[in-house]
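Below: the structure, in structure tokens.
The values are calculated or read from the model by the stated rules, or taken from the named source; none is laboratory data. All values reported here derive from a predicted model rather than from experimental measurement. Every residue, glycine among them, receives a Cβ derived from its backbone with ideal geometry; neighbour counts consider all protein chains shown. In case anyone asks, the SASA skips ligands and DNA or RNA and just uses the protein heavy atoms, side chains included. Shrake-Rupley method; radii C 1.70, N 1.55, O 1.52, S 1.80 Å.
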Amino acid sequence: MAEILKVAMPKGRIYKKASALFRSAGWPIPMDVDDTRKLVIPLPEAGMEFILAKPVDVPTYVEYGVADIGIVGKDVLMEENKDVYELLDLQIARCRMSVIGLPDWTPGIRQRVATKYPNIASQYFREQGQQVEVVKLNGSIELAPLIGLADRIVDMVETGQTIKENGLVEMTTLFEITSRLIVNRVSYRMKNVEIQQLCDRLQQVILAEKTN
Ligand code: PRP
């Protein structure tokens, strides 16, 4: 009998896109989970169990093996740097990681950068040879340059609406972001057939959508 796959699914903006992909691949899974407070959703007809997680925690659940696989943005994956396999680029939730600031920004003696991604930001500015103080925030990052907490921010840009509405400009793009399928190392061996099947079916849908 096929093994049940435990899937760490990010709540929020990625869920809808990821669930649409799974449904296109033939699995009967809910389109939305916003109306439930349940955190573990058994889906026996799909041979899965969804663990609804905060996106930033998905790599942790997968690394510890409480989830066999997970779906997570490349931004979180790079920031968290966990010991997991990255198996597939799902090519959904496309956006980018950028340095953003006020239009009249000029480099000062003491530079401060606010971000939800301190590891990504620190590494980037280190590589650029720029000495900056990185301040970790948990959301509404665009506030920081507006109220003088930081000179610049490192944040995700999707439509560009947030920076536009707050009078900020995108200065440099660090990398492109899409959602990825990640896998626990032990699960990859123990549930290889199921994981490989899932991966193949998703890959087919991704390719079909690309050529359409
Ligand atoms: C993210 C990100 C930007 C915004 C970018 O925030 O931090 O603020 O989305 O999207 P846009 O380019 O389409 O405007 P999120 O909505 O995750 O909320 P947060 O501020 O709590 O991080």
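Quick look at the values:
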{"quantity": "Unique match (being small (Gly, Ala, Ser), touching a helix residue (DSSP H, G or I) at 6+ places or on another chain (Cβ under 8 Å) and modelled with pLDDT of 95 or more) among 121, 150, 144", "calculated": "150"}
{"quantity": "Residues located in the stretch 154-185, provided they are in contact with a helix residue (DSSP H, G or I) (Cβ under 8 Å, 6 or more places away or on another chain), among the polar types (S, T, N, Q) and over 16 Å from residue 90 (Cβ atoms)", "calculated": "166, 184"}
{"quantity": "Looking only at the stretch 38-50, and only at residues there that are assigned to a strand (DSSP E or B) and open to solvent by less than 30 Å² (accessible area, probe 1.4 Å), the one that is nearest to residue 70 (Cα to Cα)", "calculated": "50"}
{"quantity": "Count of the stretch 94-143 residues which are open to solvent by 40 Å² or more (accessible area, probe 1.4 Å), assigned to a strand (DSSP E or B) and within 15 Å of the ligand (Cβ to nearest atom)", "calculated": "2"}
{"quantity": "Selection within the stretch 150-162 - surrounded by fewer than 20 Cβ atoms within 10 Å (Cβ to Cβ) and under 16 Å from residue 103 (Cα atoms)", "calculated": "160, 161, 162"}
{"quantity": "Residue within the stretch 80-93 that is in a helix (DSSP H, G or I), more than 13 Å from the ligand (Cβ to nearest atom) and within 16 Å of residue 10 (Cα to Cα) present", "calculated": "yes"}
{"quantity": "Residues located in the stretch 152-209, provided they are more than 16 Å from the ligand (Cβ to nearest atom), in contact (Cβ under 8 Å) with a residue 24 or more places away in the chain and of a type outside the set (A, V, I, L, M, F, W, C)", "calculated": "180, 184, 185, 187, 188, 191, 194, 201, 203, 204, 209"}
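So that you can scan it fast, the table gives a plain yes or no per residue for (1) open to solvent by less than 20 Å² (accessible area, probe 1.4 Å); (2) in a strand (DSSP E or B):
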| position | (1), (2) |
| --- | --- |
| 8 | yes, yes |
| 15 | yes, no |
| 18 | yes, no |
| 26 | no, no |
| 36 | no, no |
| 52 | yes, yes |
| 58 | yes, no |
| 62 | yes, no |
| 75 | yes, no |
